[in-house]
Every structure is written in structure tokens, then in C-alpha cells.
Amino acid sequence: MYELPPLRYALNALEPYISERTVDIHYHRHHQGYLDKLNNFLNSVNYDYRYSLEELINHIDEFPINIRGQILYNAGGVLNHNLYWNSIGPGNKNIPVGTIKEAIDKEFGSFENFKEEFMKQAGLVVGSGWTFLVINGEGKLEIINTSNQETPYLYGLKPIMALDLWEHAYYLDYQNRRDQYISNFFQIVDFDMINKLYEKEK
Ligand code: MN
């Protein structure tokens with residue numbers, strides 16, 4: 001069975017930007033929910049858990065066609081949330097450092113430009129979806145949006161930073177003020193973690 005990585009911080013560590021209640025429900029019910037459904041679908045076909053979650057996405061054609069959609073949706077849900085919790089954290093790591101700083105400056109001109117572009121893309125998500133910073137096939141950084149629980153791995157892109165724009169991510173704290181949730185994401189974004197992932201994946 002696949003398992004959730006433990007949260008790296010306390011449930012209240014993201015306050016005041018994201019409340020303890022939101023993190024609790026988001027991690028223990030929504031994230032866990034995607035994982036439980038994924039394991040159930042996979043167990044129903046006696047899957048042997050030979051692949052990592054990323055590999056599972058690329059081997060989806062090995063599964064019966066009538067559950068592929070559910071596997072992709074729930075595996076995407078798990079992967080996207082794993083990355084979301086990794087992308088944020090306490091401790092003021094919200095300014096890019098190291099290799100990722102150089103790459104952001106190179107691709108976007110400056111961190112300020114990058115931030116503006118990321119927030120602009122996030123503002124364009126309609127319905128439930130995500131904004132990601134990804135490494136594309138040419139090894140360059142790109143900001144993309146996906147719908148529902150679609151994962152960038154489906155398109156051969158390696159996501160290194162994720163912003164959840166489903167209402168369950170912010171509605172208890174922000175109601176309809178999604179723009180404020182998006183700009184506050186940049187208060188708690190963790191570029192130490194993002195940099196580590198970038199150095200591993202690039
Ligand atoms: Mn979510």
C-alpha cells in the first residue's frame with residue numbers, strides 16, 4: 001500500500017496564513033482520502049505496488065481501462081498534495097536560495113517577476129485546480145496550471161512547487177478571497193525544500 005509522507009511541521013505551524021483547522025482537514029481527510037481511494041482501487045486488481053507513484057502514472061496502460069481514470073485522479077491527488085505540503089512551511093524560507101534562485105533569475109528575470117507571473121497564472125485557474133512550477137523536457141522552469149487532480153508527471157513535466165487552488169485549501173480561512181490566499185502563499189513558501197527538489201530533479 002502507498003502511504004502518506006508525515007507532515008514536516010505541526011498542524012498550526014502555518015498560522016496565521018493557513019489555520020490549524022484547515023491543515024488538519026486538508027491533510028487528514030482530503031489528502032488521506034485520495035490515498036485510501038487509490039489503495040482501494042489498486043487492491044481491487046491485486047496490484048503488487050511495484051512502482052513509485054510517479055512511475056504508476058507512466059504505467060497507467062497496464063491497468064484495466066475502467067479504473068484508469070480513478071487511479072490517475074487519486075494518484076494525482078496524492079502526488080499533488082505531497083508536493084503542496086513540501087512547498088510550504090514555517091520559518092521564513094520564502095526567498096529563493098542557491099541553485100533555484102539562479103534558475104529563477106535566469107528564466108524569469110527576477111524573483112519579483114517570477115512571483116508576479118506565478119500569481120497571475122494562479123488567478124487564471126477556474127474551478128478546482130493547481131498552479132505548479134515545473135521543470136520541462138528541456139530542463140527549463142515553467143509555470144503551468146492543471147485541472148482537478150491532474151499531475152504534471154502525466155505530461156512528462158517534473159513539478160517542484162505546488163499551489164492547491166481547490167476551495168478546501170482556503171475556504172475556511174479566506175472564503176471568496178482567493179487572491180489573498182494566493183499572495184499569502186508567498187509568505188509561507190519554502191524555497192529550501194523547493195531548492196532541494198530542484199537540485200535532485202534538474
Ligand atoms: Mn487539496
### Query
Which one of the conditions (1) over 15 Å from the mean Cα position of the chain (by Cα); (2) surrounded by fewer than 21 Cβ atoms within 10 Å (Cβ to Cβ) does SER128 fail to meet, given that it meets all the rest?
(1)
### Task
Tell me, yes or no, whether segment 157-169 has at least one residue that is within 13 Å of the ligand (Cβ to nearest atom), of a type in the set (Gly, Ala, Ser) and surrounded by 21 or more Cβ atoms within 10 Å (Cβ to Cβ).
yes
#### Entry: Residue count, segment 61-79 (criterion: under 17 Å from LEU157 (Cα atoms), open to solvent by 20 Å² or more (accessible area, probe 1.4 Å) and among the small types (Gly, Ala, Ser))
0
## Note on the structure
Given (1) within 13 Å of the ligand (Cβ to nearest atom); (2) under 11 Å from the mean Cα position of the chain (by Cα), LEU172 misses just (2)
### Task
Restrict the check to segment 31-47 and report whether at least one residue is surrounded by 13 or more Cβ atoms within 10 Å (Cβ to Cβ), in contact (Cβ under 8 Å) with a residue 12 or more places away in the chain and of a type in the set (Lys, Arg).
yes
### Message
So PRO64 passes all but one of these: (1) away from the ligand (no atom under 13 Å from the Cβ); (2) under 16 Å from the mean Cα position of the chain (by Cα). Which condition number does it fail?
### Response
(2)
### Query
Do we find a residue being of a type outside the set (A, V, I, L, M, F, W, C) and within 16 Å of the ligand (Cβ to nearest atom) anywhere in segment 37-60?
yes
### Task
Looking for whichever is farther than 13 Å from LEU83 by Cα and either of a type in the set (Val, Ile, Thr) or modelled with pLDDT under 95 (or both) here; the options are ILE135, ILE160, ILE194. Which one fits?
ILE135
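Restrict the check to segment 69-81 and report whether at least one residue is touching a Gly at 6+ places or on another chain (Cβ under 9 Å) and within 16 Å of the ligand (Cβ to nearest atom).
yes
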### Query
Within the set of pairs 6+ apart or on separate chains, which have a first residue in segment 148-170 that is basic (Lys, Arg), a second that is open to solvent by 60 Å² or more (accessible area, probe 1.4 Å), and C-beta atoms under 9 Å apart?
LYS158/GLU54; LYS158/LYS202
### Query
When you scan segment 1-114 for helices (runs of 4 or more DSSP H) that lie fully inside it, which ones turn up with 1 or more residues that are farther than 21 Å from LEU165 by Cβ and among the charged types (D, E, K, R)?
32-43, 53-58, 65-87, 98-108
### Query
Taking segment 98-119, which residues are touching a residue at least 60 places away in the same chain (Cβ under 8 Å), of a type in the set (S, T, N, Q) and open to solvent by 40 Å² or more (accessible area, probe 1.4 Å)?
none
### Query
Out of (1) touching a Gly at 6+ places or on another chain (Cβ under 9 Å); (2) in contact (Cβ under 8 Å) with a residue 60 or more places away in the chain; (3) open to solvent by less than 60 Å² (accessible area, probe 1.4 Å), what's the single condition that is false for LEU7?
(1)
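The values are calculated or read from the model by the stated rules, or taken from the named source; none is laboratory data. Predicted model, so just to flag it, every value in this text is computed and none were measured. Quick reminder, even Gly has a Cβ in these numbers, built from the backbone with ideal geometry, and neighbours come from all protein chains shown. These area figures cover heavy atoms from the full protein model, side chains too; ligands, DNA and RNA do not enter into them. Shrake-Rupley method; radii C 1.70, N 1.55, O 1.52, S 1.80 Å.
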